[in-house]
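Data block below; observations after.
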Amino acid sequence: FKRTYGFFSGDSSTFTFVGGDDQIVDVGLSSATFNRFVVNKTGSSKLTADTGLNVDGSFVVQSGTFMAGGYSDYVGGDFLIESDGYFEHDNGTLYLDGYRPSWGTSHVKLSNGSRLGYLMTSFNITAAMWHYLQFDTPLIVNNEFQLASTGGSLQVYPGTYSHTINGNFRIFGSDVYMSSGNFTLGGAGTQLVGYTNGWNTLELTTFTVAGT
């Protein structure tokens, strides 16, 4: 799938990449938006990104491998790597973003040892509304994990899983809440953890430092 010139918008469509041959997705340098993006490949075949992606809805790897190529990807809905899928981050950044005019929940799921390079949230939530971010599996983030939102409030539900963060773990603003979670800080260098420009207490169930 390659866009060289012109304007592309996925509207309300679902784009599904299938088959047993390796494929490439390249949307070019200008803005191009998918509605729902699905990888459902067979065998050991891969879908490789040659540019960053902007997905207004859900990003799902049902089977096969998605190679992120080290780019920044923006996902407005769920980010789901299912049991037959694998996500190779290539040290790229996943932004969970999008406009949230009403109450709702975004899910993040990683399977088969998939991990993320950088994980950032930047939800735009209607004032006086809440949006929920739920982790459905353990997370491994190789670099920075950053939670932020504007407008309304973001409530994070890490579940009872054990999550590993190898970079900074920071929350920006006073409208992001998290009252539980099992997190291990496992990076090789200095790591920062806590709120920036916020007043809420960062509450965790367990907090482990793999080092000093």
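In percent, what relative contact order does the stretch 42-83 have, based on Cα pairs under 8 Å that are 6 or more apart in sequence? Computed over the stretch 42-83, the figure is 47 percent. Measuring nothing but how far apart in sequence close Cα pairs (under 8 Å, 6+ apart) lie, relative to its length, the stretch 18-162 scores a relative contact order of 16 percent. Each principal axis of the Cα atoms in the stretch 33-132 has its own extent, and those three values, largest first, are 46, 23, 23 angstrom. For Lys2, the lysines whose Cα falls under 25 Å of its own Cα, not counting residues fewer than eight places away in the same chain, are Lys41, Lys46. For Gly28, the residues whose modelled amide H falls within less than 5 Å of its own, excluding neighbours fewer than 5 places apart on the same chain, are Arg3.
What does a probe at Gln134 reach in the stretch 155-188, counting residues whose amide N is under 15 Å from the point 7 Å along Cα→Cβ? Taking a point 7 Å out along Cα→Cβ of Gln134, the residues of the stretch 155-188 whose backbone N falls under 15 Å are 155-161. Working note: Karplus 6.51/-1.76/1.60 with θ = phi - 60° gives the stretch 134-145 the couplings 10, 9, 9, 8, x, 10, 10, 10, 5, 10, 6, 10 Hz, where Gly and Pro are set to x. Descending by average beta-carbon neighbour count within 10 Å, the peptides 99-106, 144-151 line up as 144-151, 99-106, the highest first. Here the average projected area of the convex hull drawn through the C-alpha atoms of the stretch 13-70 stands at 3.7 nm².
The chymotrypsin sites (Phe, Trp or Tyr not before Pro) of the stretch 1-62 meeting both criteria, a DSSP state outside H, G, I, E and B (loop) and at most 15 other C-beta atoms within 10 angstrom of the site's C-beta, are Phe1, Tyr5, Phe7. Based on C-alpha pairs under 8 angstrom that are at least 6 apart in sequence, the stretch 141-191 has a relative contact order of 44 percent.
For Ser106, the residues whose modelled amide H falls within less than 5 Å of its own, excluding neighbours fewer than 5 places apart on the same chain, are Tyr132, Leu133, Gln134.
Applying Stokes-Einstein at 4 °C and 1.567 mPa s to the Kirkwood radius of the chain, computed over alpha-carbon pairs, gives a translational diffusion coefficient of 73 µm² s⁻¹.
Around the amide H of Asn54, modelled in the peptide plane, lie the amide H atoms of Phe34, Tyr74, all under 5 Å away and 5 or more residues distant in sequence or on another chain. Given a Förster distance of 41 Å, report the FRET efficiency between Asn124 and Thr205 from their Cβ-Cβ distance, rounded to the nearest 0.05. FRET efficiency, Asn124 to Thr205: 0.90. Three principal axis extents of the stretch 84-160 based on alpha-carbon atoms, in descending order, are 37, 23, 19 Å.
Read the figures in this text as sums done on the coordinates, not as results from a lab. All values derive from a computational prediction rather than experimental measurement. All Cβ positions, even for glycine, are placed from backbone atoms using ideal geometry, and neighbour counts span all protein chains on display.
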